[in-house]
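Here is the structure we will look at.
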Amino acid sequence: MYHIERAIFDIRRGLPVVINSGEQRLLVQALEGSRSVDALARLSGARPTLVLTRHRLEAMGMSLTAEAACLPLPEHVSEHELNQLAVANAATKPSALLSGLKPAGAAERSAVALMRRALLIPAALTAVVSERAQEEVAEQIAQGRLLEVKAEEALACLAGAPGMLKRVSEANIPLEDAPNSRFVLFREPDGLREHVAVVIGELDSLEGPVPLRMHSACLTGDLFGSLRCDCGEQLRNAVADIRRWGAVYCSTLPKRGGELA
């Protein structure tokens, strides 16, 4: 777990990390805030590729059965062109850059998993470490200048850390429809995500299963009352219903706005 946490930290700083699939080493760097494709090419001794998720490609009007695809990058590609691929849609897709797509392997999919875990754009710059670059990359790993993680550990990082949530703090927070409420804050080991449990009433007084409702963390709906979704209305109605039932454990998780858990 420590290696994955450090890998996420390095990636968020724009540094490359090494993913070892057992068969090959793959240098991985975030597209967001990346320095230079050419620098990654020099370090790896191979031409980098861009790994895009199936959902990103579908947004550009392309059908893909694999979870992700690798896109070989031409010799001269600008940072602007790369970022276009990360935000393009079907109407604006840069077709000239989308030739040569092939399904991503486990190492490439694990690279995208690291980006998602790091809360970055789910697109990764990757480059296979060539034979002539193996010795230099191995030396940098030994010196601690590069971090190496296993592909299977990187793939599993999206599952979070079951059983490793840390209870950080709690406070009594009276709500309009449930005055006897308290908020309990939990944090994941890498410190990037926090989870809030809203406890309504006294759980010890309940007999049998504890009622629970999972709710999205929708900033626009919950806080500003956006009319584009009904998240805020659902949350307030749930709190009122829960209070009438007696006591409840209502967990609010950090998900995308407007998306119910």
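The values are calculated or read from the model by the stated rules, or taken from the named source; none is laboratory data. What you are looking at is a predicted structure, and each value in this text was computed from that prediction instead of being measured. Heads up, the Cβs are rebuilt from the backbone with ideal geometry, glycines too, and the neighbour counts pull from every protein chain shown.
Considered as a group, the residues in region 195-214 that are more than 18 Å from Asp241 (Cα to Cα) and surrounded by 15 or more Cβ atoms within 10 Å (Cβ to Cβ) include one that is farthest from the chain's Cα centre (by Cα), and that residue is Val196. With respect to (1) over 19 Å from Ser44 (Cβ atoms); (2) in contact with a helix residue (DSSP H, G or I) (Cβ under 7 Å, 6 or more places away or on another chain); (3) assigned by TED's automatic domain parsing to the domain that holds Ile11; (4) surrounded by fewer than 20 Cβ atoms within 10 Å (Cβ to Cβ), the lone exception for Leu147 is condition (1).
Select from region 42-54 the residues that are touching a residue at least 12 places away in the same chain (Cβ under 8 Å) and of a type outside the set (A, V, I, L, M, F, W, C) and list them in ascending order. Before you say what the answer is, go through the steps one by one.
The first filter runs over region 42-54 and keeps only residues touching a residue at least 12 places away in the same chain (Cβ under 8 Å), leaving 43-54.
Correct list: Ser44, Gly45, Arg47, Pro48, Thr49, Thr53, Arg54.
Being under 21 Å from the mean Cα position of the chain (by Cα), at pLDDT 75 or above and exposed (fewer than 14 other Cβ atoms within 10 Å of the Cβ) is the filter here, so list the residues in region 76-94 that pass it. Result: no residue meets the conditions.
The listed residues are Ser36, Ser44, Ser110, and the only one of them that is polar (S, T, N, Q) and under 21 Å from the mean Cα position of the chain (by Cα) turns out to be Ser110. Selection of region 16-46 for residues being buried (at least 16 other Cβ atoms within 10 Å of the Cβ) and part of a loop (DSSP other than H, G, I, E, B) yields Pro16, Ser21, Leu31, Glu32, Ser34, Gly45, Ala46.
Residues to consider are Ala154, Ala217; find the one that is assigned by TED's automatic domain parsing to the domain that holds Val112, over 17 Å from Asp241 (Cα atoms) and at pLDDT below 90.
Ala154 is the lone residue from the list that is assigned by TED's automatic domain parsing to the domain that holds Val112, over 17 Å from Asp241 (Cα atoms) and at pLDDT below 90.
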